[in-house]
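Enquirer: Just passing along the structure, written as structure tokens.
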């Protein structure tokens, strides 16, 4: 007998997301599960420092604040909640949830998933032959091993599904479980999917990927933002999963936002990596197999997804301190705002003493995010942003005090906009791989302030994924100077935004730009014109490494990976756009020579 579809909603895409989204999801209509994601690479280091100061800290406290007013309603509606808000201290988070339950006079069943922290095991694992080489740069782990502060394995869906099977909890609090894993787990439990049914598991991973960033698939960050009737009380996403692995993406009625093929398509490209091999601990999903179709108002059907066996390793996210940064700003007004801002920067860098590892000068209102890609030359006012990175804080303290000293010693029309800038510690990200047999997830039943039962989870798949060769384009270095003219005979110069949708984001120091043709008829032109080399040429000021292009023909799109393009990424970058969120907009600002014969497809409804 076929089981009923499963309705899984997301109410948080990151730590700092809309604090009212959980309430809106719960009150908006029927649901079976709600998932919430709070963790990022640098977040774990922050939580570790909090726990060092306070043994009852180390989890996302915003979560319990969101949960407090709606906990009785959550239990009344029998909606289960799964979240990685447990951070590095799921037990402390569970203790706080129990306190909330007592406050409201209700009883709550809690399960935990942990065992992901291996920071204390690193020396032993190294002795056993685990290299922990940086999986992005290939750097030797020995260079940073003695500075690692936090190290967490990314577990998948299996331990979460086991907790559901064993205790039928109301709330599951996890450590470092993948964003997609907390969505896939209820599907495995509800439908009884076999852990080697790669296609269905891959469908669950794609569903989790689509909704893991909250409202980013329901109209948030959408290229065609004017098509979103309202951003007020924006609806967060809901997946309706069917037993065969096909599913619908939707949102509650009478909420803001928009769900369309294009909003879903954009989100699929976000932080995609190699589309042929989206690797998770549970399965490797083939994003080039995804098929989308409109299925009504604010409703998109997703189907046809394929997957293969996973790798034999877990990803490990580590972090360590590596010096300090400091950034300060001045407001420079017009006329001649840009010229005056450049003079202030010249005065400052001639006056300040180092030594600095790196410095940065950005002009907000002119080119802070896009540099010459913006094709503008003046602003009516400019925020001059000065930054530096150094190993010692005393160097940066002198740096910060000199910024306000410019106010009376340069051109006119300048104002202070904040207090004296303070040095901040840099937390660097170190991703590595660990063979799965070296670590085992733990699930536990938590009650009355303590662990009642702990289980080591067996059955976590230890597959051996083999990459499938496919064509990619790689551009190593710029091929031509900036400021090119693209006009040719028989063509019409047009902004790329008229031809494409785009979305960008980061993974460490790699920026991802997903680009989707607005119409299938435009895809062949973009396939020929929008090469890795051209993107490298455009972004040469920002991207110091390779540009890699992957094609995703079924979705009429491309995924570009821009290596060494975020100034180191995370908290070590001096750039204002630390995560490459604006890169897609820079791409869409570029002019391209569209063949005249294709012009009618741009204008077609």
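Enquirer: When you look at residue 97, is it touching a residue at least 24 places away in the same chain (Cβ under 8 Å), touching a helix residue (DSSP H, G or I) at 6+ places or on another chain (Cβ under 9 Å), part of a loop (DSSP other than H, G, I, E, B) and crowded, with 17+ Cβ neighbours inside 10 Å, yes or no?
Expert: No; evaluated as a whole, the condition is false for this residue.
Yes or no, residue by residue, for (1) touching a helix residue (DSSP H, G or I) at 6+ places or on another chain (Cβ under 9 Å); (2) surrounded by fewer than 21 Cβ atoms within 10 Å (Cβ to Cβ):
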| site | (1), (2) |
| --- | --- |
| 141 | yes, yes |
| 148 | yes, yes |
| 151 | yes, no |
| 167 | no, yes |
| 170 | yes, yes |
| 190 | yes, yes |
| 197 | no, yes |
| 201 | yes, no |
| 205 | yes, no |
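Enquirer: While we're here: Got at least one residue in region 443-453 being crowded, with 17+ Cβ neighbours inside 10 Å and either within 26 Å of the chain's Cα centre (by Cα) or modelled with pLDDT under 90 (or both)?
Expert: Looking for residues that are crowded, with 17+ Cβ neighbours inside 10 Å and either within 26 Å of the chain's Cα centre (by Cα) or modelled with pLDDT under 90 (or both), one finds none in region 443-453, hence no.
Enquirer: With the requirement that a residue be closer than 23 Å to residue 422 by Cα and surrounded by fewer than 22 Cβ atoms within 10 Å (Cβ to Cβ), what does region 329-341 give you? Please lay out each step first, then the result.
Expert: So the first thing to find is which residues in region 329-341 are closer than 23 Å to residue 422 by Cα, and the list is 329-332, 341.
Once the filter is applied, which keeps residues that are closer than 23 Å to residue 422 by Cα and surrounded by fewer than 22 Cβ atoms within 10 Å (Cβ to Cβ), region 329-341 yields 329, 331.
Enquirer: Would you be able to say whether some residue in region 206-219 is over 15 Å from the mean Cα position of the chain (by Cα) and either assigned to a strand (DSSP E or B) or free of Cβ contacts under 8 Å to residues at least 40 places away in the same chain (or both)?
Expert: No.
Enquirer: Only one of 566, 588 is crowded, with 23+ Cβ neighbours inside 10 Å and closer than 22 Å to residue 275 by Cα. Can you tell me which?
Expert: Working: 588 fails: crowded, with 23+ Cβ neighbours inside 10 Å.
Among 566, 588, only 566 is crowded, with 23+ Cβ neighbours inside 10 Å and closer than 22 Å to residue 275 by Cα.
Enquirer: Of everything in region 142-161, what is farther than 22 Å from residue 440 by Cβ and either in the same structural domain as residue 186 (by TED's automatic domain parsing) or in contact with a strand residue (DSSP E or B) (Cβ under 7 Å, 6 or more places away or on another chain) (or both)? Give them in sequence order. Spell out the reasoning first.
Expert: Residues of region 142-161 farther than 22 Å from residue 440 by Cβ: 142-147, 149.
Those that are farther than 22 Å from residue 440 by Cβ and either in the same structural domain as residue 186 (by TED's automatic domain parsing) or in contact with a strand residue (DSSP E or B) (Cβ under 7 Å, 6 or more places away or on another chain) (or both): 144, 147, 149.
Enquirer: Scan region 284-328 residue by residue and report those that are more than 21 Å from the chain's Cα centre (by Cα), under 30 Å from residue 470 (Cβ atoms) and buried (at least 24 other Cβ atoms within 10 Å of the Cβ).
Expert: If the condition is that a residue be more than 21 Å from the chain's Cα centre (by Cα), under 30 Å from residue 470 (Cβ atoms) and buried (at least 24 other Cβ atoms within 10 Å of the Cβ), then 302, 305, 307, 310 are the ones that fit.
Enquirer: Within region 259-278, which residues are surrounded by fewer than 24 Cβ atoms within 10 Å (Cβ to Cβ) and on the phi < 0 side of the Ramachandran plot?
Expert: Let us first name the residues in region 259-278 that are surrounded by fewer than 24 Cβ atoms within 10 Å (Cβ to Cβ), namely 260-262, 264-265, 270-274, 276-278.
Matches in region 259-278: 260, 261, 262, 264, 265, 270, 272, 274, 276, 277, 278.
Enquirer: A further question follows. Would region 399-416 turn up any residue that is under 33 Å from the mean Cα position of the chain (by Cα) and free of Cβ contacts under 8 Å to residues at least 60 places away in the same chain?
Expert: No, that holds for no residue.
Enquirer: So, restricting to strands (runs of 3 or more DSSP E) that lie completely within region 221-299, which ones have at least 3 residues that are touching a helix residue (DSSP H, G or I) at 6+ places or on another chain (Cβ under 6 Å) and either without any contact (Cβ under 8 Å) to a residue 60 or more places away in the chain or closer than 24 Å to residue 181 by Cα (or both)?
Expert: Hits in region 221-299: 237-241.
Enquirer: Sticking with this one: Restricting to region 354-376, name every residue that is modelled with pLDDT under 90, touching a helix residue (DSSP H, G or I) at 6+ places or on another chain (Cβ under 9 Å) and assigned to a loop (DSSP other than H, G, I, E, B).
Expert: Matches in region 354-376: 354, 365, 366, 367, 369, 370.
Enquirer: Taking the conditions exactly as written (at pLDDT 95 or above and assigned by TED's automatic domain parsing to the domain that holds residue 56), does residue 109 satisfy them or not? Working first, answer last.
Expert: Values: at pLDDT 95 or above: yes; assigned by TED's automatic domain parsing to the domain that holds residue 56: yes.
Yes; evaluated as a whole, the condition is true for this residue.
Enquirer: Moving to a separate point now. Collect the residues in region 414-436 that are touching a helix residue (DSSP H, G or I) at 6+ places or on another chain (Cβ under 6 Å) and assigned to a strand (DSSP E or B), keeping them in residue-number order.
Expert: 416, 426, 427, 428, 429
Enquirer: Does residue 334 meet the test of being within 29 Å of residue 43 (Cβ to Cβ) and either outside the structural domain of residue 237 (by TED's automatic domain parsing) or in contact with a helix residue (DSSP H, G or I) (Cβ under 7 Å, 6 or more places away or on another chain) (or both)? Lay out the reasoning, then the answer.
Expert: Numbers: within 29 Å of residue 43 (Cβ to Cβ): no; either outside the structural domain of residue 237 (by TED's automatic domain parsing) or in contact with a helix residue (DSSP H, G or I) (Cβ under 7 Å, 6 or more places away or on another chain) (or both): yes.
Against the criterion (within 29 Å of residue 43 (Cβ to Cβ) and either outside the structural domain of residue 237 (by TED's automatic domain parsing) or in contact with a helix residue (DSSP H, G or I) (Cβ under 7 Å, 6 or more places away or on another chain) (or both)), residue 334 does not qualify.
Enquirer: Just checking, does region 117-132 include any residue being assigned to a loop (DSSP other than H, G, I, E, B), crowded, with 17+ Cβ neighbours inside 10 Å, within 25 Å of the chain's Cα centre (by Cα) and modelled with pLDDT of 95 or more? Steps first, please.
Expert: Taking region 117-132 as the starting set, the residues that turn out to be assigned to a loop (DSSP other than H, G, I, E, B) are 118, 128-132.
Next, from what is left, pick out any that are crowded, with 17+ Cβ neighbours inside 10 Å: 118, 130, 132.
Narrowing further to those that are within 25 Å of the chain's Cα centre (by Cα): 118, 132.
When the remaining residues are screened for being modelled with pLDDT of 95 or more, the result is 118, 132.
Yes, region 117-132 contains a residue that is assigned to a loop (DSSP other than H, G, I, E, B), crowded, with 17+ Cβ neighbours inside 10 Å, within 25 Å of the chain's Cα centre (by Cα) and modelled with pLDDT of 95 or more.
Enquirer: Can you tell me which condition residue 583 does not meet? The list is (1) under 19 Å from the mean Cα position of the chain (by Cα); (2) surrounded by fewer than 23 Cβ atoms within 10 Å (Cβ to Cβ), and all the others hold.
Expert: Result: residue 583 passes all but (2).
Enquirer: On the given criteria, is residue 440 closer than 22 Å to residue 151 by Cβ, at pLDDT 85 or above and either out of contact with any strand residue (DSSP E or B) (no Cβ under 8 Å at 6 or more places or on another chain) or part of a loop (DSSP other than H, G, I, E, B) (or both)?
Expert: yes
The values are calculated or read from the model by the stated rules, or taken from the named source; none is laboratory data. Since the model is a prediction, treat every value here as computed from it, not as a measurement. Note that we place each Cβ from the backbone using ideal geometry, even for glycine, and neighbour counts take in every protein chain shown.
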